[in-house]
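Worksheet: one structure, shown below.
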Amino acid sequence: MPKTIIIFFGPPGSGKGTQAQMLAQKTEWKKISTGDLFRAEIAAGTEAGKLADKYIKAGKLVPDKIVFGLVEKSLKQKTAGFIFDGFPRNKKQLNELLAFFKKILKKNDQVYALEVAVSDEEIKQRLSQRRMCACGKVYHLVYNPPINKDICDICGGRLFIRNDDKPKVITHRLKIYHSQSKFMTDYWQKQGRLIKIDGEQPIKKIHEEIMEKLSELKLI
Ligand code: ADP
Ligand code: ADP
Ligand code: ZN
């Protein structure tokens, strides 16, 4: 059976993770979120985690070498498809991934990039109200609140604010995003493999639109 690969792309806080999670629940595809992979390494106190933590706290991208090492491990899973959340984020990572795809993908396998567009103003608002749980579940105090204040609906864990969701760090992350985004969207556009989504709609509506677009492309 052909493999499907969906690459979520968009500014920090655009809802990539939320949508990637919803899509993974509806399909058999495995989600690979580089942010989650790093947070797991940091929590486990590994060398890669310690190094990544310094960059993440400062709102910088983690060096490409560490990123691809982690991604490659996840790509070994047996599955009908992958959903990428937060990777690739720059030209170097994109080229590395394309070279890897050349080795592992077959003719009928499908790769699409899904761009979630959200304005900087909305991003700042969203990230200041983002809360997360160690289990990976993400909330928003207004748009996607937990049932009980500060407690995860799924595992009962205590919610926290991400270190990099501070206003000064957010501005820096947006700047990095805008410096890389044109190259990425131009590339996928040229391949005829860019799906654009208006990310400033309710979470459920965006999910439905994604499902519709993937269905039109006969991917689901
Ligand atoms: P990303 O993975 O792109 O950084 P998240 O999925 O973590 O983004 O979403 C960022 C924040 O915005 C979270 O608090 C999330 O609950 C909230 N959120 C996600 N999608 C929407 C949406 N469509 N409308 C409003 N808030 C949203
Ligand atoms: P967001 O989409 O909200 O920026 P993520 O959870 O995807 O959040 O990423 C958190 C941080 O982890 C990023 O700000 C960056 O420092 C690091 N990171 C995640 N993905 C990558 C990547 N592909 N390359 C380099 N750094 C990354
Ligand atoms: Zn939880």
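Summary of computed values
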{"quantity": "Test set (1) in a loop (DSSP other than H, G, I, E, B); (2) within 19 Å of Pro12 (Cα to Cα); (3) in contact (Cβ under 8 Å) with a residue 40 or more places away in the chain - Lys106 fails condition number", "calculated": "(2)"}
{"quantity": "Out of Gln189, Gln201, sole residue that is over 21 Å from Ala24 (Cβ atoms), at pLDDT 95 or above and among the polar types (S, T, N, Q)", "calculated": "Gln189"}
{"quantity": "Inter-residue pairs, beta-carbon under 8 Å, first in a helix (DSSP H, G or I) and in the range 171-191, second among the charged types (D, E, K, R) and open to solvent by less than 60 Å² (accessible area, probe 1.4 Å), 6+ apart", "calculated": "Arg173/Asp164; Leu174/Asp120; Thr185/Glu115; Trp188/Glu115"}
{"quantity": "Any hit, the range 77-86, residues being surrounded by fewer than 18 Cβ atoms within 10 Å (Cβ to Cβ), more than 9 Å from ligand 2 (Cβ to nearest atom) and part of a helix (DSSP H, G or I)", "calculated": "no"}
{"quantity": "Residue among Arg162, Arg89, Arg131, Arg126 that is in a strand (DSSP E or B) and either under 18 Å from the mean Cα position of the chain (by Cα) or hydrophobic (A, V, I, L, M, F, W, C) (or both)", "calculated": "Arg131"}
{"quantity": "The range 150-174: number of residues that are closer than 22 Å to Pro202 by Cβ and either more than 10 Å from ligand 1 (Cβ to nearest atom) or modelled with pLDDT of 95 or more (or both)", "calculated": "4"}
{"quantity": "Any hit, the range 38-57, residues being under 23 Å from Phe183 (Cα atoms), among the small types (Gly, Ala, Ser) and within 16 Å of ligand 1 (Cβ to nearest atom)", "calculated": "no"}
{"quantity": "Filtered residues of the range 126-152 (kept if under 19 Å from Lys166 (Cβ atoms), open to solvent by less than 70 Å² (accessible area, probe 1.4 Å) and away from ligand 2 (no atom under 15 Å from the Cβ))", "calculated": "Asp150"}
{"quantity": "Residues of the range 26-35 classified as away from ligand 1 (no atom under 14 Å from the Cβ) and either within 8 Å of Asp85 (Cα to Cα) or open to solvent by 30 Å² or more (accessible area, probe 1.4 Å) (or both), total", "calculated": "3"}
{"quantity": "Qualifying residues in the range 37-48 (those that are open to solvent by 50 Å² or more (accessible area, probe 1.4 Å) and within 12 Å of ligand 2 (Cβ to nearest atom)) - the one farthest from the chain's Cα centre (by Cα)", "calculated": "Ile42"}
{"quantity": "Selection from the range 87-99 of residues that are open to solvent by 40 Å² or more (accessible area, probe 1.4 Å), away from ligand 1 (no atom under 13 Å from the Cβ) and in contact (Cβ under 8 Å) with a residue 12 or more places away in the chain", "calculated": "Lys91, Lys92, Glu96"}
{"quantity": "Candidates Gly45, Gly15, filtered to the one that is more than 26 Å from Leu217 (Cβ to Cβ), small (Gly, Ala, Ser) and at pLDDT 95 or above", "calculated": "Gly45"}
{"quantity": "Residues being charged (D, E, K, R) and surrounded by 13 or more Cβ atoms within 10 Å (Cβ to Cβ) - total across the range 162-199", "calculated": "7"}
{"quantity": "Residue satisfying condition, being more than 9 Å from ligand 2 (Cβ to nearest atom), closer than 24 Å to Cys135 by Cα and surrounded by fewer than 18 Cβ atoms within 10 Å (Cβ to Cβ), within set Lys107, Lys102, Lys57, Lys73", "calculated": "Lys73"}
{"quantity": "Options Val116, Val67; residue that is in a strand (DSSP E or B), open to solvent by less than 50 Å² (accessible area, probe 1.4 Å) and among the β-branched types (Val, Ile, Thr)", "calculated": "Val116"}
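The values are calculated or read from the model by the stated rules, or taken from the named source; none is laboratory data. Computed from a predicted model, the values in this text were never measured in an experiment. Methodologically, a virtual Cβ is constructed for each residue, glycine included, from the backbone with ideal geometry; neighbour enumeration extends over all protein chains shown. Just so you know, the surface numbers come from the protein's heavy atoms only, side chains and all, with ligands and any DNA or RNA stripped out. Shrake-Rupley method; radii C 1.70, N 1.55, O 1.52, S 1.80 Å.
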